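Written out below as structure tokens is the structure these notes cover.
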Amino acid sequence: MRIKVLQVAIAVIFLFLAIALFYFQVIRVNTYQQLSISNCIRLIPQEGIRGRILDRNGKVIVDSQLSYDVLFFPQENQDLEKTFSKLAQILGVTAKDLQSKFKTKGRFASTPVILVENIGQKKAILIEEFKSELPGVIVQPQPIRAYPYAKVAAHILGYLSEIDQWRLDKLQNYGYKSKDMVGYGGVEERYDYFLKAAEGGLQIEVDNHGRMTKVIGFRPAKSGKDIQLTIDLRIQRIIEDAIGDWKGAIIVLEPYSGEILGMASFPNFSPALFLGKSSAKESILRDPGAPLFNRAICGLYPPGSVFKTIVATAGMDTKKITTATSFFCSGRIKVGNQEYECWNVHGEQNLINAIIHSCNVFFYRLGLLVGPDKIYDYALRFGLGRATQIDLPQEASGFVPNPLRKRLRKLKTWFPGDTANFAIGQGDLLVTPLQVARMMAAIANGSYLPRPHLIKAVAGREVQTYKKMTGNLNLKTEILTPLKIGLEGVVMDSSGTANILAFPDFSISGKTGTAQVSRGQPHAWFAGFFPTKKPKFTLCVFLEHAGPSYNACVVARNIIEAMKKEGLL
């Protein structure tokens, strides 16, 4: 009986074995055949060269240069100690260090092990000369990002770093993989899909011990596309030199097309620091001055008196005032139960004089006449409260307080004092320097809102996306003319708030602003365009906690003087 039970058990076991063999060798034959093929083939990757970034005149701002990595095939070497000793002499390191790296990075790896990265061209040549004494050692060229102008245009360019998990989850279906170098911030991120190179490599066959037996194929890497920007490197360097030690942002914009000719945020940083493991990179991330923060497009600040340009437009366009309307400035005005001050006693002021002298009392009265709802509407028409859609990531939208929404909410009241503050660019109103630059461009070009952009061409082909203006403000000549006269007087009149910018040989127009904040010194603004009659440039200078607008005007003058010397005007 026991023998029969044992025979049945053995028969069942052999039956299961037969079924398993049939399943694996017949039903799943294709799957395991593919796994077998994959197991014997290895890919040695070869990085392509990332696309260059050029300025509008073809000057290279960001390039790629070759570095050299030392790779080691352990299967091809029978005397590790001798090889590492010779290699250590060439590289100027110890053999012990090389052995340690080899053990750490994969002593039994079937693909080559990277022993040393970025050794420099001279050492790479030496290794090639002694190749016969270094079996299994190869030098592989590796492109790395190069910044010939160091920190210049850092916030426009962004930087490269290893892909993080969040980006990998979003982009892995588009060919991105772990350890890839991708763009963070600026053009490097916004146009990464153009700049990114296509990886190539060497296919090799290995035996069951992981030793290379033969080369199967080679696929060359493909370079990324070059990108040409709208910025002029000469202007970019001028504005970065002019700001000195101030925090803030400067923008030079072509008023008709919206092309950014120069844009800088301060403090800035060196993109090259993010390419490797560096303590300097950590110090940038911990810096309280936030050098990675692009104040030009992300910073939100009260505009102060530069906003009076919009209130003046609203007053004339709604016919609440004409150029003949005047108000008396005694240096203060009572609104409700509270007194609001002007920065000076201006006496009788019409619209043009009020713009020239930046008279708060005039604009308090004008704001109360126009009403907060209309001021809100005109602020939106001039592009405030929404992103400009510049081709850079993380742009802020700003904030324009909505009086109607506030009144509709329970326990919220919009007071006349709120309107007075609103009319001079204070209160809850927040803008980015780029929004202010675009606002001034609309006055300069005759009431069209351009769409600011940085891309000019990809791989030599001009980009047409940004050719059209984004909106017509439909401002009539009888509104624009006195407005422009006032803005010209701000600079060219001896009593104007920006008269330090007056040049004898050409005219500049603009508006100053000293924006009060709850803590610290006020912010200083100057936004304008030049030459007045046929504007070629819109300029916005914003200095964070710099005090009076005079300081912004000094920076603006330094910029314009430098542009004159360069023959750019």
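The values are calculated or read from the model by the stated rules, or taken from the named source; none is laboratory data. What you see is a predicted model; the values in this text were computed from it and never measured. Here the Cβ is made from the backbone with ideal geometry for all residues, glycine too, and neighbour counts use every protein chain on show.
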Practice prompt. Scan the range 114-133 for residues that are charged (D, E, K, R), within 19 Å of PRO74 (Cα to Cα) and touching a residue at least 12 places away in the same chain (Cβ under 8 Å) and jot them down.
Written response: GLU117, GLU133
Worksheet item: Looking at LEU168, LEU157, which one is within 23 Å of ASP391 (Cα to Cα) and in contact with a strand residue (DSSP E or B) (Cβ under 7 Å, 6 or more places away or on another chain)?
Response: LEU157
Fill in: Every residue from the range 474-491 that is buried (at least 18 other Cβ atoms within 10 Å of the Cβ) and among the acidic types (Asp, Glu)
GLU488
Response to the item:
When THR104 is run through (1) at pLDDT 80 or above; (2) β-branched (Val, Ile, Thr); (3) more than 30 Å from LEU195 (Cβ to Cβ), the failure sits at (1)
Worksheet item: Conditions: (1) more than 22 Å from GLY528 (Cβ to Cβ); (2) at pLDDT 95 or above. LYS467 meets all but one. Number of the miss?
Response: (2)
Fill in: Condition met for ILE356 (outside any strand (DSSP E or B) and in contact with a Leu (Cβ under 8 Å, 6 or more places away or on another chain))
no
Worksheet, complete the sentence: With the first residue restricted to the range 250-274 and required to be assigned to a strand (DSSP E or B), and the second required to be at pLDDT below 95 and of a type in the set (Gly, Ala, Ser), Cβ contacts under 6 Å at 6 or more apart or on different chains are none
Discussion item. Whether any residue in the range 436-453 is in the same structural domain as ALA324 (by TED's automatic domain parsing) and without any contact (Cβ under 8 Å) to a residue 12 or more places away in the chain is what I want to check.
Written reply: no
Practice prompt. Looking at (1) more than 22 Å from VAL541 (Cα to Cα); (2) surrounded by fewer than 20 Cβ atoms within 10 Å (Cβ to Cβ), find the lone condition where PHE362 falls short.
Written response: (2)
Practice prompt. Answer with yes or no whether LYS179 is of a type in the set (Lys, Arg), modelled with pLDDT under 80 and part of a loop (DSSP other than H, G, I, E, B).
Written response: yes
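Residue-wise test of (1) at pLDDT below 95; (2) farther than 23 Å from HIS346 by Cα.
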residue	(1), (2)
LEU408	yes, yes
ASN421	no, no
ILE424	no, no
ILE443	no, yes
ASN472	yes, yes
VAL490	no, no
Discussion item. Take THR83 and tell me if it is buried (at least 16 other Cβ atoms within 10 Å of the Cβ), of a type in the set (Ser, Thr, Tyr) and at pLDDT below 85.
Written reply: yes
Worksheet item: For the range 111-121, what are the residues that are under 14 Å from LEU87 (Cα atoms) and either at pLDDT 85 or above or assigned to a loop (DSSP other than H, G, I, E, B) (or both)?
Response: GLU117, ILE119
Worksheet item: Can you pull out the residues in the range 490-531 that are touching a Leu at 6+ places or on another chain (Cβ under 8 Å), more than 11 Å from VAL306 (Cβ to Cβ) and of a type outside the set (Phe, Trp, Tyr)?
Response: VAL491, ILE508, SER509, PRO531
Worksheet entry | Members of the range 378-391 found to be touching a residue at least 40 places away in the same chain (Cβ under 8 Å) and either in contact with an Asp or Glu (Cβ under 8 Å, 6 or more places away or on another chain) or not aliphatic (A, V, I, L, M) (or both), listed by number | TYR378, ARG381, PHE382, GLY383, THR388, GLN389, ASP391
Item to complete: Tell me, please, whether a residue that is charged (D, E, K, R), in a helix (DSSP H, G or I) and either under 17 Å from GLY427 (Cα atoms) or touching a Ser or Thr at 6+ places or on another chain (Cβ under 6 Å) (or both) can be found in the range 384-400.
Response: no
Fill in: Qualifying residue in the range 407-429 (condition: under 29 Å from LEU261 (Cα atoms) and outside any loop (DSSP other than H, G, I, E, B))
no
Practice prompt. Would you point out which residue out of PHE363, PHE415 is out of contact with any Lys or Arg (no Cβ under 8 Å at 6 or more places or on another chain) and within 28 Å of CYS342 (Cβ to Cβ)?
Written response: PHE415
Fill in: Members of the range 338-359 found to be under 26 Å from ALA502 (Cβ atoms), surrounded by fewer than 24 Cβ atoms within 10 Å (Cβ to Cβ) and out of contact with any Gly (no Cβ under 6 Å at 6 or more places or on another chain), listed by number
TRP343, ASN344, HIS346, GLY347, GLU348, GLN349, ASN350, ASN353, HIS357
Worksheet entry | Residue check for VAL62: assigned to a strand (DSSP E or B), under 30 Å from VAL182 (Cα atoms) and at pLDDT below 85 | no
Worksheet item: If you check ASP317, ASP287, which single one turns out to be assigned by TED's automatic domain parsing to the domain that holds ILE424 and among the acidic types (Asp, Glu)?
Response: ASP317
Fill in: the range 256-285, residues that are more than 19 Å from the chain's Cα centre (by Cα) and over 19 Å from LEU157 (Cβ atoms)
TYR256, SER257, LYS277, SER279, GLU282, SER283
Item to complete: Determine whether the range 429-439 contains at least one residue that is under 13 Å from CYS540 (Cβ atoms) and of a type in the set (Ser, Thr, Tyr).
Response: yes
Fill in: Tabulated pairs, the range 394-405, first at negative phi and not assigned by TED's automatic domain parsing to the domain that holds VAL187, second among the charged types (D, E, K, R) and not in a helix (DSSP H, G or I), C-beta under 6 angstrom, 6+ apart or interchain
SER397/ARG386; PRO401/ASP428
Worksheet item: Tally time: how many residues in the range 430-473 are hydrophobic (A, V, I, L, M, F, W, C), buried (at least 18 other Cβ atoms within 10 Å of the Cβ) and assigned to a strand (DSSP E or B)?
Response: 4
